[in-house]
Amino acid sequence: MPTIEIVSINSTKIGLSQTDFDISIIEENKLISHRSLFYDLLLEQNGVIVHIGNPDLKDDKEGGFYAGAIVDWDFEPGDIIIPEYDDNDPTYNRGANQQFRFKFLKQYKSDIDKLLKIALDNSPIKKVYFLTDYQFGPENGKIEIIYTITDLWTQHDNEGLGLNTLYEIYGR
């Protein structure tokens, strides 16, 4: 299941309340992702991380925490490239070339937007990371500078967002 997280860079506390959201959230002031794809990058930063999870996890945040139920799994703008294993091919990369894009289900988009805006407002340098980590997505993580929350939603609506991608977003 995918991990979806928002990082408010250089924030010390955001002060979110679970009752304000339909999705489940966990706010922590130590930048440790629930998965490891962007671990090294997060170690170099300070701030608050918000883990985003399925609505049914609001009351159970101690077990597995993931966001598969807020993703529109029927969305895929192109073919997923699944590499064929070849013992004789030394360049075999176990799926690093997959294309895997997603959209949020419509009923959760406003919660994600609200979290992004709160995280950006609380960042003293007006910078947030929006990151995803999915074990069945591309093996290699990607970093994209997307500039504004509006730009993120434009990309989301037009072509979807990339799994195993960290988006840098800035306030203006």
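The values are calculated or read from the model by the stated rules, or taken from the named source; none is laboratory data. Remember, predicted model here, so these are calculated numbers, not experimental data. A quick note on method: Cβ atoms are made from the backbone with ideal geometry, for glycine too, and the neighbour counts reach across all protein chains shown. Remember, those area values only see protein heavy atoms, side chains included, never the ligands or the DNA or RNA. Shrake-Rupley method; radii C 1.70, N 1.55, O 1.52, S 1.80 Å.
Taken together, the residues in region 146-167 that are of a type outside the set (F, W, Y) and open to solvent by 90 Å² or more (accessible area, probe 1.4 Å) amount to 3.
The set of residues in region 87-124 being assigned to a loop (DSSP other than H, G, I, E, B), modelled with pLDDT of 95 or more and either over 26 Å from F21 (Cβ atoms) or open to solvent by 90 Å² or more (accessible area, probe 1.4 Å) (or both) consists of P124 alone.
When region 22-63 is limited to residues that are part of a loop (DSSP other than H, G, I, E, B) and open to solvent by less than 50 Å² (accessible area, probe 1.4 Å), the one that is modelled with the lowest pLDDT turns out to be G63.
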